[in-house]
């Protein structure tokens, strides 16, 4: 009886992990940001942007962020180069970029790929620091 219960718990945990991983997917043709099709736009950061969530400093590079992935909550735009995270020990570089929740540019997050998973941090990025442009 105990063995069956352990197997059930393990199966439920595995299903939860697979479900969580499966929500990240290639960008669909219908995904939008501020009413524009995400596949047709880019987000441009006019200058580097740094912020400090807690005891570490995160830095986003300036440049053009391109749409790449989506999940059930929003769309991911990949940075033109690695993101920098500085802590007490040493600076580290990560793949990542900007995440826009619910298809609106007012709900913006930074995301970093850490241990093969996107980790999101809410940004207080003023709207004058970035712009949405049609792809050229």
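The values are calculated or read from the model by the stated rules, or taken from the named source; none is laboratory data. Note that the structure is predicted; figures quoted are calculated from it, not measured. Positions of Cβ are generated from backbone atoms using ideal geometry, with glycine treated the same way; all protein chains shown enter the neighbour counts.
Strands (runs of 3 or more DSSP E) fully within the stretch 35-97 that include at least 1 residues being over 21 Å from residue 128 (Cβ atoms): 57-60, 63-70, 74-78, 83-86, 91-94. Right, residue 103: closer than 19 Å to residue 135 by Cβ, buried (at least 16 other Cβ atoms within 10 Å of the Cβ) and modelled with pLDDT under 95 or not? Spelling it out, residue 103 is indeed closer than 19 Å to residue 135 by Cβ, buried (at least 16 other Cβ atoms within 10 Å of the Cβ) and modelled with pLDDT under 95. Counting the residues of the stretch 75-100 that are over 17 Å from residue 56 (Cβ atoms) and either exposed (fewer than 14 other Cβ atoms within 10 Å of the Cβ) or free of Cβ contacts under 8 Å to residues at least 12 places away in the same chain (or both) gives 1. Of all the criteria given as (1) at pLDDT 95 or above; (2) touching a strand residue (DSSP E or B) at 6+ places or on another chain (Cβ under 6 Å); (3) crowded, with 16+ Cβ neighbours inside 10 Å, the one not satisfied by residue 118 is (1). In the stretch 103-131, what residues are closer than 21 Å to residue 28 by Cα, assigned to a loop (DSSP other than H, G, I, E, B) and touching a residue at least 60 places away in the same chain (Cβ under 8 Å)? Within the stretch 103-131, 103, 104, 105 qualify.
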